[in-house]
Amino acid sequence: MSRALVVGNWKMNLDHVEAVHLTQQLGVILASRPAPHVDVVVAPPFVDLRSVGSVLEADRSAIELAAQHANPLPSGAHTGEVSVPMLARLRVRWVIVGHSERRALYAMSDDVVAATARAVVAGGLRAIVCVGEDEAVREAGRHREHVRAQVLAALEGLSAPEGDVVVAYEPVWAIGTGRSAGVEEVREMAHVIAEALATTRVTGARVLYGGSVNADNAADLLGGGVDGFLVGGASLRAESFGAIVSAGESCYAGGR
Ligand code: PEP
């Protein structure tokens, strides 16, 4: 049975007290509106992982924990970085790899994205690999080849257990802008990604959409054939994130 996946990327927001509060609120909402056909994941800042993980464990919550980034090396002289084994010790199950903000602001290259994805999978965690074109690439009509190349570069040399890799299509022009991609744009790029995936050794990868997803557009966007969402801004409020999870549940409950 296929399942939706909804991931909340909290970015550099919420200290550990605020993060605990949001986690508790989310627990209440998901208890009142269960979503048994949706895998729900939250990606707090590193410093919140332990506190959020403790709340989830105490509540026996089905919500899983993701990190927003990891260094591909297991340990060493890399000031400010965090490794996959460190995350695994905190019961982190997922890692977001190559988010466009890491690529643009911290010079994360395709090679480092690929090395990170390999380290995540080798460490027994699941990788959410982000791809997506910026506005200039789309205006030049090169978005299909750009995203295809990003997928192939990120998954170079990777073979992973079924389902341990997820690809998130996140057009940069849609992130944090309030201007989501249209359903047909999402459908086209989900198709491009599926075709690219078919040429790799990665099987069973779910494809997500991310970019200004909110409670009002989530149900429509699922019509673009994606398996769920990577959500930024709307994941910072329990009510809106819960509504996006509910949209996934409505879509998948009848068997997609
Ligand atoms: C993101 O940064 O992954 C994202 C999708 O952000 P937003 O939902 O705020 O556009």
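The values are calculated or read from the model by the stated rules, or taken from the named source; none is laboratory data. Here the structure is a predicted model, which is why all the values come from computation and not from measurement. With ideal geometry, Cβ positions are generated from the backbone for all residues, glycine too; neighbour counts draw on all protein chains shown. The accessibility values were calculated without ligands, DNA or RNA, using every heavy atom of the protein model including side chains. Shrake-Rupley method; radii C 1.70, N 1.55, O 1.52, S 1.80 Å.
Name every residue in region 126-165 that is touching a Phe, Trp or Tyr at 6+ places or on another chain (Cβ under 8 Å) and β-branched (V, I, T), in order of residue number. Once the filter is applied, which keeps residues that are touching a Phe, Trp or Tyr at 6+ places or on another chain (Cβ under 8 Å) and β-branched (V, I, T), region 126-165 yields I128, V131, V147. Which residues, taken from region 208-256, are more than 14 Å from the ligand (Cβ to nearest atom), on the phi > 0 side of the Ramachandran plot and either among the aromatic types (F, W, Y) or open to solvent by less than 50 Å² (accessible area, probe 1.4 Å) (or both)? Passing the criteria: only G225.
The condition (being without any contact (Cβ under 8 Å) to a residue 60 or more places away in the chain, under 28 Å from A247 (Cβ atoms) and either within 14 Å of the ligand (Cβ to nearest atom) or of a type in the set (A, V, I, L, M) (or both)) is satisfied by just one residue among G132, G178: G178.
In the set G157, G204, which member is at pLDDT below 95 and either under 18 Å from the mean Cα position of the chain (by Cα) or within 10 Å of the ligand (Cβ to nearest atom) (or both)?
Details: G157 fails: either under 18 Å from the mean Cα position of the chain (by Cα) or within 10 Å of the ligand (Cβ to nearest atom) (or both).
The unique qualifying residue is G204.
Exactly one residue among V165, V192 is away from the ligand (no atom under 15 Å from the Cβ), at pLDDT 95 or above and within 14 Å of the chain's Cα centre (by Cα), and that residue is V165.
Within region 116-163, the set of residues being closer than 28 Å to R91 by Cβ, open to solvent by less than 60 Å² (accessible area, probe 1.4 Å) and part of a helix (DSSP H, G or I) comprises T116, A117, A119, V120, V121, A154. Taking residues in region 39-64 that are touching a residue at least 12 places away in the same chain (Cβ under 8 Å), and partners anywhere that are hydroxyl-bearing (S, T, Y) and surrounded by fewer than 23 Cβ atoms within 10 Å (Cβ to Cβ), the pairs with Cβ atoms closer than 9 Å and at least 6 places apart or on different chains are V40/S61; P44/S51; V55/S61. Filtering region 54-88 to residues that are assigned to a loop (DSSP other than H, G, I, E, B) and surrounded by 14 or more Cβ atoms within 10 Å (Cβ to Cβ) leaves D59, S61, A62, I63, Q68, H69, A70, P72, L73, E81, V82. Taking the conditions (1) within 16 Å of the ligand (Cβ to nearest atom); (2) under 20 Å from L73 (Cβ atoms); (3) open to solvent by 20 Å² or more (accessible area, probe 1.4 Å); (4) within 18 Å of the chain's Cα centre (by Cα) in turn, V112 satisfies each one other than (1).
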